[in-house]
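Visitor: Here it is, the structure, as structure tokens.
Just so you know, all these numbers are worked out from the coordinates, no wet-lab data involved. Everything numeric here is computed off the predicted structure, so don't read it as measured data. Note that we place each Cβ from the backbone using ideal geometry, even for glycine, and neighbour counts take in every protein chain shown.
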Amino acid sequence: MLHVKNNVSSHQLDGYLIVRQILETDTEGMKHLLLRWRLITERWPALTFYQRFESVVAFALTLIVTLVISVALYRLIVEVIGGLVFGVFNPLEHKVFQTIFGEILTVLIALEFNHTLYYFVTREQSIVQTKIVLLIALLALARKFIILDLDETTSGELWGLAAVTLALGITYRLLRERDDRRLRTQARRQPDRASADS
């Protein structure tokens, strides 16, 4: 009996440590968010009217997408837990697997989109980054491939999805190579400037 109590205590301790780690991480995130908010309010007077307008619109979109993500996550949790607990879902059934992972990827796509808007609101990036939009589009295509029912899909649709995936992949690769070249050029210039200063 004493052995069982010790196991419960160790499980409780593990749970406590996990909750503590989450709270510490969340506290750091809140500190970071408050610091960013302070920076935004300090920079606000220096922004042009249009930059302020962009920030307000991006902030409103961030709130809307956050609400959509919250509702989608709630419905996903209720649907999955309810389906698994009450035996409605068989997780090994292919159609159920496709549906659940399609919904999970939808939430992840929305999170990535919201993350992009967050950078825009905090003025860390002055424009929406093309590479991020391409990655979101590739995530959406991955979701489409996961939920795709091959029995009902025509070969034309498959060729179209393949062409779009290839085009997005090539575009992302070209943008990445351009950015890598730019970083290498900047890195080469830095030592040259340091030697010129000394």
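Visitor: Tell me, yes or no, whether segment 126-146 has at least one residue that is in a helix (DSSP H, G or I) and either in contact with a Pro (Cβ under 6 Å, 6 or more places away or on another chain) or more than 30 Å from ALA60 (Cβ to Cβ) (or both).
Guide: yes
Visitor: Among the residues of segment 80-103, write down those that are surrounded by 15 or more Cβ atoms within 10 Å (Cβ to Cβ) and farther than 24 Å from LEU141 by Cβ.
Guide: Passing the criteria: GLY83, PHE89.
Visitor: Quickly run through segment 147-187 and pick out the residues that are outside any helix (DSSP H, G or I), among the polar types (S, T, N, Q) and either touching a residue at least 40 places away in the same chain (Cβ under 8 Å) or under 20 Å from LEU105 (Cβ atoms) (or both).
Guide: THR153, the sole residue that qualifies.
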